[in-house]
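Where a number appears in this text, it was derived from the coordinates with a stated rule and is not lab data. For clarity, every value in this text was computed on a predicted model and none was experimentally measured. Quick reminder, even Gly has a Cβ in these numbers, built from the backbone with ideal geometry, and neighbours come from all protein chains shown.
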Amino acid sequence: MASKRLPIQRIALIRKTRKTPWLASGAADQILNAIETVGWYHFFIYPKILRALSAYFELEDDDFAEEDMNGSAKIALISIDLSIEAFIFLDSHIPSQRIEMTGFVEQLNGIRNKIESAFPDARSFIRRGLDD
């Protein structure tokens, strides 16, 4: 019975044993990882900016506001950096989405520039337990 395979079985066997350079190279995993990165950090940016701004307006009343402000701004910046890196990677692997990817990168660069201007100490801020 094994010698009389149906055409679909032969095709499946060929697919199973055939090496696909693109998949073997890990490109598919890298693309999925980049998509996950964009999806994950997409939700961090806005709330962290709002938290940094909220802490900014509490600087006079709260002893920990400066730490909260810079820490939140730093997380927003890290999220933006990783998102930009992922979008650039996706752009190089999914050229059909180039215009959209470029637009996202430009928006994120603009937001990053504004955060760096508003919170100049955020990048150098040391988050206890994370950056030390």
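A few comments on the model shown:
- Put simply, when 69-76, 122-129 are sorted by average Cβ atoms within 10 angstrom per residue, most first, you get 69-76, 122-129.
- Radius 14 Å from Cβ of I115, net charge of other residues (Lys, Arg +1; Asp, Glu -1): +3
- Sum of side-chain charges, I75 neighbourhood, beta-carbon under 13 Å (Lys, Arg +1; Asp, Glu -1): +2
- With 0.36 nm allotted per residue and the present C-alpha distance subtracted, the E60-I35 stretch has 4.9 nm of extension available.
- Förster radius 30 Å - calculated FRET efficiency between H42 and S92, Cβ distance, rounded to 0.05: 0.90
- What the Cβ-Cβ distance of A27 and R127 gives, at R0 = 30 Å and to the nearest 0.05, is a FRET efficiency of 0.35.
- Whole-Hz couplings from phi, Karplus 6.51/-1.76/1.60, listed for the stretch 54-62; x for Gly and Pro: 4, 5, 4, 7, 10, 4, 6, 9, 10
- Cα gyration tensor shape of the stretch 26-118, rounded if a/c is under 1.5, else prolate or oblate by comparing a/b with b/c: prolate
- Net charge over other residues, Cβ less than 13 angstrom from the Cβ of V105 (K, R count +1; D, E count -1): -3
- Under-5 Å amide H pairs with D62, H placed in peptide plane, nonlocal only: none
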